[in-house]
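Notes for the one structure printed next.
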Amino acid sequence: MLCESRLRFSGRYGKKSFTRFPVPRWRMPQNLPTIKQLLWRGRIFMEDVDVVIVGAGSAGLAAARTLGAAGLSFKLFEAMNRIGGRAWTSDQHFGVPFDIGCAWLHAADRNPYFPEAQAAGWTLHHHDMNVDHLYYLQRKASEAEEAAMKAADAKLFELLAAHEVGDGDDDRLSALLARGQAPRAAATFAGPMDFGADEDEISICDFQAAADLDPNYFSKEGFGALVARFGAEVPVELSTPVRKILWEVPGVACVTDRGTIRAKAAIVTASPAVLAFEEIEFSPALPDTHFGAFFDLPMGMLTKLPVEIRGTRLGLAPFDDLLIERMARHDIYFLCFPFDLDLMVGFVGGDFAWEMSAAGEAAGVDFVVDRLCGIFGTDVRKHVGRAMMTNWGGERFVRGAYAAARPGRSEARATLMQPVAEKIFFAGEHLAGPLMQTCGGARLSGEAVARQVVAQLAAK
Ligand SMILES: Cc1cc2nc3c(=O)[nH]c(=O)nc-3n(C[C@H](O)[C@H](O)[C@H](O)COP(=O)(O)OP(=O)(O)OC[C@H]3O[C@@H](n4cnc5c(N)ncnc54)[C@H](O)[C@@H]3O)c2cc1C
């Protein structure tokens, strides 16, 4: 992990009241430890706050800032030893900032991070996806094939716009592709590289609800660094997973390894996969509608395989898009030499990305280098430097890239946007409306839910 383990407390929220659940004197056990001993063991009950927030990714940090601005007290718990969640820039692999998670500032005209990046003097490059180089296995596609692929891409979006899913209709994106006979190359971006899922696992309704994300910008300093900057002043308790949320008590009580805290409401920004795996126990259990919705929003997968290529540009220009179509969705896309850095950034998505994660980093890196050698010649091997593979599936408190609704289950997003008992609220990329799956969308979701909580607490 990049960031040092740290606990950040703000004096503003640091009221010293330690006895939240007083034990009647007649039931007091003998030899009670002192407050100091309890503190040492980390078992002390923490002070009450208005709101507990679970997760310090884009959504959780945004919720915290919104609550703070409205004058509400909060405690923000983060399971990892850093903030940012899936927004994480690291220079430990290549000596330059590299985004392990989100990288493109999508929908820049609606993305709150974009003006902040501009104001911070970030180096930004406008980069909308456009296949500059298309290969079928090792053969370069002809101009006619490239034109056919682009026409198919346009046709796919035309079909999507016109499509109405009726009761009992097949809601899988693959059904639409079959009808439109759009070649699979066009669907590679729509499916594995965009939604992180293969087209038979993507709901047409869900896909329709997702916005077109142009214009897209790429930053040299890193999207993760931008989110870290956004959250830099937010008090966060790092390395503190919330284990349990009790909600039959007045308000809620959140149990962590460091103690229990009570609040009037909780905002939970953990991914639906984390919730489906029951990393947080709810007591009593959540209603079936909500619990079921976690399973209807499984995480798609996008795996990055950046490889350093030194001393040659392989005849490619910085930011070229190169797509290699293979069999059975074993496709790979490369973002070539962004900002003229010595990096070919490979991406695999959907089921293939999960398979690659299981095979491990060495297999992933070999796969990428072999594909490059297959196209540009074995000489490429001499130019290969450092390489790595991201592993979001193995990140216990994320468990995938981003959520995509199961076919026929797209209403799960609306279900989770309803709070439970007016005190457990959910937020995150999976509840970001048209900007679903994006980091900017996650922030807007966190802000919107926090405003909802502020209004509700004010009305009580
Ligand atoms: C490889 C990859 C590439 C991507 N590319 C882009 C891109 O180019 N552009 C873009 O906009 N988006 C992209 N995304 C998506 C984007 O990163 C996410 O949509 C966004 O960062 C999600 O933010 P979030 O706050 O909803 O969730 P998260 O970032 O997952 O934050 C939730 C936090 O909750 C914490 N948590 C979970 N359980 C607990 C618990 N029990 N107690 C305490 N804390 C807990 C987690 O550790 C995590 O930090 C990409 C994602 C991946 C994985």
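The values are calculated or read from the model by the stated rules, or taken from the named source; none is laboratory data. Since the model is a prediction, treat every value here as computed from it, not as a measurement. Don't worry about glycine lacking a Cβ; one is built from the backbone with ideal geometry, like all the others, and counts go over all protein chains shown.
Brief remarks follow.
- P241 in contact (Cβ under 8 Å) with a residue 12 or more places away in the chain, out of contact with any Pro (no Cβ under 9 Å at 6 or more places or on another chain) and within 14 Å of the ligand (Cβ to nearest atom): yes
- Restricting the range 425-451 to residues that are more than 8 Å from the ligand (Cβ to nearest atom) and either surrounded by fewer than 18 Cβ atoms within 10 Å (Cβ to Cβ) or of a type in the set (S, T, Y) (or both), the residue that is farthest from D109 (Cα to Cα): R451
- Selection status of A265, in contact with a helix residue (DSSP H, G or I) (Cβ under 9 Å, 6 or more places away or on another chain) and surrounded by fewer than 21 Cβ atoms within 10 Å (Cβ to Cβ): no
- V249 passes every criterion in (1) at pLDDT 95 or above; (2) more than 15 Å from the ligand (Cβ to nearest atom) apart from (1).
- Meets criteria (within 25 Å of L435 (Cα to Cα) and in contact with a Phe, Trp or Tyr (Cβ under 7 Å, 6 or more places away or on another chain)) for W122: no
- Within the range 388-413, the residues that satisfy the criterion of being out of contact with any Leu (no Cβ under 9 Å at 6 or more places or on another chain) and either of a type in the set (D, E, K, R) or without any contact (Cβ under 8 Å) to a residue 40 or more places away in the chain (or both) are G394, E395, R396, R399, E411.
- Given (1) in a strand (DSSP E or B); (2) in contact with a helix residue (DSSP H, G or I) (Cβ under 8 Å, 6 or more places away or on another chain), number of the condition H330 does not satisfy: (1)
- The combined condition, being within 27 Å of Y113 (Cα to Cα), of a type in the set (S, T, Y) and not assigned by TED's automatic domain parsing to the domain that holds H290, is fulfilled by T390.
- Count of residues meeting criterion [of a type in the set (K, R) and in contact with a Leu (Cβ under 9 Å, 6 or more places away or on another chain)] in the range 305-330: 1
- Within the range 265-302, the residues that satisfy the criterion of being near the ligand (Cβ under 10 Å from one of its atoms), part of a strand (DSSP E or B) and either free of Cβ contacts under 8 Å to residues at least 24 places away in the same chain or among the aliphatic types (A, V, I, L, M) (or both) are V268, M299, L302.
- The residues in the range 78-106 that are assigned to a loop (DSSP other than H, G, I, E, B) and either more than 6 Å from the ligand (Cβ to nearest atom) or of a type in the set (S, T, N, Q) (or both) can be counted, and the count is 12.
- Residue in the range 392-408 that is over 28 Å from D342 (Cα atoms), under 18 Å from the mean Cα position of the chain (by Cα) and β-branched (V, I, T) present: yes
- Among the residues making up the range 107-119, those that are more than 10 Å from the ligand (Cβ to nearest atom) and within 27 Å of A317 (Cα to Cα) are A108, D109, F114, A117, Q118.
- Hey, G400 near the ligand (Cβ under 9 Å from one of its atoms), among the small types (G, A, S), within 18 Å of A63 (Cβ to Cβ) and surrounded by 22 or more Cβ atoms within 10 Å (Cβ to Cβ) or not: no
- Per-region count, the range 64-77, residues in a helix (DSSP H, G or I) and either in contact with a Cys (Cβ under 9 Å, 6 or more places away or on another chain) or among the aliphatic types (A, V, I, L, M) (or both): 3
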